[in-house]
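Values quoted throughout were computed directly from the atomic coordinates according to the rules given, and no laboratory measurement underlies them. Because the structure is a prediction, the values reported are computed rather than measured. Note: ideal-geometry Cβ built from the backbone for every residue, glycine included; neighbour counts use all protein chains shown.
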Amino acid sequence: MKKVSLLMFALMFICLGNIKAQDDVAVLISDDFESYTVDQKIAGDGESWWTTWSNKPGTAEDGVVVELEGNKCAHLTYGIDQVLLLGDEQSGVYDLEFDILVPEGKTGYFNILHDFKGANSNWAMQAYLHITSDGGNTDHENPGHGTVHAGGNSVADVECVYGDWMHFRLHVDTDADTAQYFYTAPGKEEVLVHGWKWSLDSFGQQSNRKLAAMNFFPPMEDSEFYLDNFSFTRIGGETAPDMTFSQESLNVEMPKDDISSVEINIENTGSSIAEYEAWIDYGMGENSTKKEVITYTQEGSEANANLITWTDTLSSINFEMAALYPATAYGASVMGTKITGVGFFFMKYIIQATGEELPTFEPGSDVIFRIYGQGSNGTPGKVLAEKTIKPEQVSWDGYTFVEFDEPVELTGFDVYAAVEVTGAPQTTLMNLDANENAAFGYSDLIRYGGGGDIFSSINEGMGSTSGSWYIYMVCQGEPVAGGAWAELDKTKGIMPVGSTETLTVDVTTFGLKDGETYEANVHFVTNVPEKETIDIPLSLFVSGDNVEEILSNTYNIYPNPTSASVTVEGDNIDYIAIYNSVGQLVNVVKTQDNIVDMSACENGVYYFNVVDNAGQNSIQRVVVAK
């Protein structure tokens with residue numbers, strides 16, 4: 001007799017006892033393999049919701065259908081990597097249910113994916129069967145136990161059995177951002193194994209709320225298990241976020257050398273969590289052949305090389321490093337230009353104490369340069385440009401520079417320049433600087449150990465003085481007039497159903513021309529269907545002088561941006577008044593050495609009103625970026 005899962009009993013009860021409730025339950029996928037032919041490939045010959053990790057149905061990665069105990073089911077052995085597509089659902093409440101049988105002495109594994117991109121997937125949760133996992137490279141067979149990674153490393157243990165069907169139910173509420181893992185042992189009641197925040201990945205890093213896919217994978221050479229009675233059900237009907245904005249456009253008139261702000265009220269009027277990312281979009285400047293190199297390195301400074309390296313690995317490691325260039329940093333120099341390429345300084349060998357030269361690259365592996373757009377939670381977003389080269393195209397005498405086939409228009413978003421390599425065993429490395437005077441301390445990020453890992457901060461593992469000044473961008477064109485003259489007090493938001501929040505746009509006329517009008521857009525990227533992008537026009541008219549500024553008495557302030565202290569070069573300075581981006585007085589500094597400590601200040605734009613002994617003043621702009 002065919003096994004009957006708990007979900008099937010629930011659906012029978014709904015049909016018999018409450019016909020109206022049937023409208024609130026939608027079975028999106030149901031697969032008990034009874035319609036398949038024995039020995040056929042699951043994805044190659046079966047339903048369209050099945051594929052493999054490499055998207056190659058019908059290959060060795062694809063499992064087969066067998067008959068077990070008089071019923072048909074999927075049979076998965078080592079080398080098979082079966083993927084079930086779930087449609088990238090981002091709103092609604094869902095149950096995923098299935099049965100697994102692990103033969104005596106064998107092991108198994110399954111996961112849920114926030115993003116399915118092969119090696120660059122994001123894992124939402126991972127479940128081992130008869131295996132203990134430390135979340136790294138160490139997994140051990142452990143009969144009767146199964147490690148769970150969900151919202152954190154090794155958060156739970158499942159008491160597995162051999163030779164009988166175990167039932168699993170994964171309940172995901174994307175609207176409430178919660179998830180639960182339920183397990184039913186043969187002949188016993190269902191128990192809750194673990195609950196977690198759904199938008200965290202399997203190890204507790206912030207990810208997203210998508211239900212992209214499930215992956216059933218025998219992880220060890222002797223792994224083997226059977227899969228049956230899979231169902232994917234939406235509960236409670238369809239839901240979706242929606243957002244309304246209090247402003248259709250923003251029009252500001254201000255005198256020269258002034259600071260002001262305007263507000264945008266946002267409300268989630270939908271039935272699911274609303275999310276947005278936002279920035280000021282200034283559009284494009286004029287085309288020209290003018291080029292500018294954007295890098296962390298300050299002119300005239302020297303930095304000591306530091307290396308990311310693993311010397312105890314027996315296999316190659318794929319990893320990627322990214323350098324963040326926020327709009328507040330590049331706005332004055334290249335806003336409105338195009339990123340034409342990226343450069344990086346590679347090392348060919350690492351020299352051992354014995355004098356032996358070990359290669360840094362896995363032989364034959366590609367090197368990939370990328371530009372990412374602004375993403376959520378301080379991590380890269382979409383890939384805007386990509387260029388792949390072979391190791392033989394790498395220059396070992398200096399920087400390797402690649403030009404993209406399609407330049408990237410740099411209009412106001414935070415941009416990430418990145419390099420991905422596959423390092424050789426025992427010598428995987430990548431260059432960093434180790435000099436705090438050369439690293440501005442923006443967000444320098446890395447992911448390694450498999451392309452699915454999300455980016456994490458280099459500084460978490462390498463120290464606060466490590467940055468990525470070895471990555472640089474080349475931009476071409478004429479910057480837009482005025483540079484970055486507006487700033488948002490927040491660049492992302494996650495809004496529960498019915499919630500409201502206020503976003504403040506800080507506007508400054510420092511350095512702008514009298515009588516000129518400057519145009520931009522407050523640009524939103526959202527998860528709202530049919531409103532993926534929203535632009536609110538922002539117009540600024542500069543009406544005239546406001547603050548008397550002695551232009552001949554200017555000061556050089558460095559480093560700028562800064563993560564700690566700055567030096568103000570100049571003589572006869574009486575005091576320095578420091579204002580934040582909305583014109584509030586932060587501090588008044590009197591110092592003999594002209595060094596101003598900004599380490600206690602939050603990231604953002606500040607204005608130094610430098611006043612000399614004659615009472616004359618000069619307004620200077622300083623960016624704090626830690």
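Per-structure values
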| read-out | value |
| --- | --- |
| Nearby lysines by direct alpha-carbon distance to Lys197 (threshold 18 angstrom, same-chain neighbours under 8 apart not counted) | Lys210 |
| Proportion of all alpha-carbon pairs of the stretch 40-102 beyond 18 Å (%) | 42 |
| For the stretch 362-376, Karplus couplings with θ = phi - 60° (6.51, -1.76, 1.60), whole Hz, Gly/Pro x | 5, x, x, 7, 7, 10, 10, 9, 9, 10, 9, x, 6, x, 8 |
| Cross-link reach list, aspartates and glutamates versus Lys390, counting only Cα pairs under 20 Å and skipping chain neighbours closer than eight places | Glu320, Glu362, Asp366, Glu403, Asp405, Glu406, Glu420 |
| GluC sites (Glu not before Pro) lying in DSSP loop within the stretch 137-204, provided at most 11 other Cβ fall within 10 Å | Glu189 |
| Gained length - Lys531 relative to Glu501, 0.36 nm times residue gap less alpha-carbon distance | 9.0 nm |
| Restraint check, Lys382/Lys626; Lys492/Lys513; Lys382/Lys492; Lys291/Lys513; Lys291/Lys382, Cα-Cα greater than 21 Å | Lys382/Lys626; Lys492/Lys513; Lys291/Lys513; Lys291/Lys382 |
| Prolate/oblate/rounded call for the stretch 184-236, Cα gyration tensor, a/c under 1.5 rounded | oblate |
| Set of aspartates and glutamates near Lys188 by C-alpha distance (under 16 Å), chain-local residues within fewer than 8 positions excluded | Asp99, Glu159, Asp164 |
| Point-to-point label distance, Thr178-Val383, nm (Cα→Cβ direction, 7 Å offset) | 3.7 |
| Potential extension, Lys56-Asp24 segment - 0.36 nm per residue separation minus Cα distance | 8.0 nm |
